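Since every read-out is calculated from the coordinates, none of them should be taken as a lab result. These figures come from a predicted structure and were not determined experimentally. All Cβ positions, even for glycine, are placed from backbone atoms using ideal geometry, and neighbour counts span all protein chains on display.
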């Protein structure tokens, strides 16, 4: 029998310590980092250096601690933390889509997401078709040759409509497009990646942080996708800069634990 994925256990099993064995991982508030050799710096700018830090907009240790915990919670290979939930959503979408591409999405998404999809993406000539996400024939019929992704929420905000993620995953995989799921309402309860999502986004402002004292977001996905959005020369997250402050990352990590 396959062991059921348990997000809480996955987080608890993640051993994170500070530089000097601190039980609470160290908070790193440096904007930039020193390279001990010229070659390492060259490799970093070519995207070939792993495990080193370049600039806090790219990665910093505090953000990496939180990202690793979120990846464990979601069951993905990697994660990226952002300054808001909308930063996570827009970064993921803009990384996947170019001018002339198309998106299929639920008509009952969060208001900010709906406005971005309906109004803002017109600037980039990215088409969007809104559907009843529970009507799978409508979803299939809305997919076009230039469709890059299907976007939905595991439980929609605020209508509480439930997406059948395994069924939607079958549709997206058969059509060769990405399934992007906002799981803000239901972390620890629903694991979209385990159910077939390719990319999972969060507003950590709500359930994950749970204290109403900060705004933050996250993208949980494969190593390839996280490396793509953080690429020094072409990554949407790196170049648009929706970075989360390391002090906030540390605070959220404590609340998550």
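Taking label points 7 Å from Cα along the Cα-to-Cβ direction, residue 224 and residue 14 give a separation of 2.3 nm. Computed over the chain with a Gaussian network model linking Cα atoms closer than 10 Å, the most mobile of 189, 133, 143 is 189.
Using C-alpha positions alone, give me the convex hull volume of segment 196-256 per residue in cubic angstrom. Could the numbers behind the result be given before it?
On the way: hull volume 5.8 nm³, N = 61.
Taking only Cα atoms, segment 196-256 has a hull volume of 95 Å³ per residue.
For segment 9-256, pairs of C-alpha atoms spaced more than 23 angstrom apart make up 49 percent of the total.
Rounded, prolate or oblate: pick one for segment 89-187, where a ≥ b ≥ c are the square roots of the eigenvalues of its C-alpha gyration tensor, a/c under 1.5 means rounded, and failing that, prolate if a/b is larger than b/c, else oblate. Show your work: numbers first, answer last.
On the way: a/c = 1.62, a/b = 1.14, b/c = 1.42.
Note, shape of segment 89-187 comes out oblate.
In degrees between 0 and 90, to the nearest 10, how far off the longest principal axis of the chain does helix 85-96 point, with axes built from Cα atoms? Between helix and principal axis, roughly 70 degrees. With neighbour counts taken as other beta-carbon atoms within 10 Å, the residues 188, 73, 204 rank, fewest first, as 188, 73, 204.
Report, as a whole number in µm² per second, the diffusion coefficient that Stokes-Einstein gives for segment 153-247 at 37 °C and 0.692 mPa s using the Kirkwood radius over alpha carbon pairs. Each step should come with its number before you reach the end.
Details: Rh = 14.6 Å.
It diffuses with D of about 226 µm²/s by this estimate.
Put the Cα centre of segment 209-231 next to the Cα centre of segment 132-186 and the gap is 20 Å.
How large is the direction-averaged shadow of the alpha-carbon convex hull of segment 20-129, in nm²? Write down the numbers at each step before the final one.
Values: hull surface 39.2 nm².
Over all viewing directions, segment 20-129 projects a mean Cα-hull area of 9.8 nm².
Put in order of Cβ neighbour count within 10 Å, fewest first, the listed residues 220, 52, 97, 214 become 52, 214, 97, 220. Only helices enter the 222 nm calculation for the chain: every DSSP H run of n ≥ 4 contributes -39,500 (n - 2.57), and dividing by all residues gives -9500 deg cm²/dmol, rounded to 500.
Write down the Å³ per residue value for the convex hull defined by the alpha carbon atoms of segment 120-167.
Working: hull volume 4.3 nm³, N = 48.
So the per-residue Cα hull volume is 89 Å³.
Give me 124, 53 ranked fewest to most by other Cβ atoms within 10 Å of their Cβ, as a rough exposure proxy.
Values: 124 13, 53 19.
Taking fewest neighbouring Cβ atoms as first place, the list is 124, 53.
For the chain, take the longest principal axis of its alpha carbons; what is the angle in degrees between that and the long axis of helix 61-74, to the nearest 10 within 0 to 90? In the chain, helix 61-74 runs at an angle near 40 degrees to the longest axis. Packing order of peptides 104-113, 176-185, highest average first: 176-185, 104-113 (average count of other Cβ atoms within 10 Å over each peptide's residues).
Please compute the contact order of the chain in relative form: average sequence separation of alpha-carbon pairs under 8 Å and at least six residues apart, divided by the residue count, as a percent.
Details: 484 pairs, mean separation 64.1, N = 257.
25 percent.
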